[in-house]
1. Of LEU139, LEU204, LEU49, which has the largest mean-square fluctuation in a 10 Å C-alpha GNM of the chain?
2. Can you give me the Cα centroid spacing of the range 122-164 and the range 70-119 in angstrom?
3. If I stretch the segment between GLU179 and SER93 completely, what's the gain in nm (0.36 nm per residue apart, minus their alpha carbon distance), one decimal?
4. Against the empirical 2.2 N^0.38 Å scaling, what ratio does the C-alpha Rg of the range 7-219 come to?
5. If you filter the range 141-196 for trypsin sites (Lys or Arg not before Pro), then keep DSSP loop positions with at most 13 other Cβ within 10 Å, what is left?
6. Let me know the volume per residue of the alpha-carbon convex hull for the range 27-98, in Å³.
7. Quote to one decimal, in nm, the extra length available between HIS73 and ASP23 on full extension: 0.36 nm per residue of separation minus the C-alpha distance between them.
8. Below 8 Å between Cα atoms, with a sequence gap of 6+, how large is the relative contact order for the chain in percent?
Amino acid sequence: MSGPIEVTASGIELRRGGRTILDRVDLTAPAGQLTALVGPSGSGKTSLLTVLAALQAPDRGEVRYGGTPVTPHRRRDWTGRVQIAHQSFGLLSLLTAAENVELAAQGLPARRRPPRRRLRSAALDALDAVGLASRADHLIDDLSGGEQQRVALARAMVTGPDLLLADEPTAQLDAGNRERVSGLLLDLARAGVTVIVATHDGELRERCLPVFTLRDGALR
Ligand SMILES: Nc1ncnc2c1ncn2[C@@H]1O[C@H](COP(=O)(O)OP(=O)(O)O)[C@@H](O)[C@H]1O
Ligand SMILES: [Mg+2]
């Protein structure tokens, strides 16, 4: 199964440590569009992104992918089709960039996994798309923050997801690479991938539609 995924969130409430982190959030991220979550630091963007990725269950409300309710428990059904690039990257520092990307492809269910002989070239293609072909065999520890950020994006892309969520994907990049990554995310959306970003980057935001603004955990 594959194809564009429309993401809907309805009545999302998230409470942690006695505080309301997300307050009755309703939104639709249309299939094959680049959707932005914006708002000040601490407004709940990362929390909402992880709920939309079904990495944590809301206390109330529901997330649906193409009309099907999704929960952390049912997330396995979507392995490979739904990927998130975290703000903190989550890369394995003693492996190379290419090895990190290959691992993501290896983790796919058999029907979606590239054949073993294709794993490396799939990883190199994904690294090339983020401008890192020449860094493929460098250890993560030897890469800059911006390069690590792009490896994390390549790792999320290599599985050919139908839904890609990215937390501040351009935060550590210089102007040229911000432009490259923003363009890449827009190209993915145009190719039918539903892309949702949490971002502070005004230029990336300009390319997004729709844009949802959070303040104190609620949409404004
Ligand atoms: N697990 C948690 N426990 C307690 N507070 C949390 C937790 N996760 C997030 N928060 C709080 O929720 C608010 C929103 O955080 P976050 O979603 O990271 O915002 P943003 O990404 O917009 O900066 C912050 O005040 C943060 O401290
Ligand atoms: Mg955040």
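1. LEU139
2. 12 Å
3. 28.3 nm
4. That ratio works out to 0.99.
5. In loop regions of the range 141-196 (DSSP not H, G, I, E or B), there are no sparsely surrounded trypsin sites (Lys or Arg not before Pro).
6. It is 148 Å³ per residue.
7. Result: 15.7 nm gained on full extension.
8. Reported relative contact order: 32 percent.
Any read-out appearing in this document is the output of simple, stated calculations on the displayed coordinates, not a laboratory observation. Everything quoted here is computed from the prediction, not taken from an experiment. For neighbour counting, all protein chains shown are included, and Cβ atoms are generated from backbone atoms with ideal geometry for every residue, glycine included.
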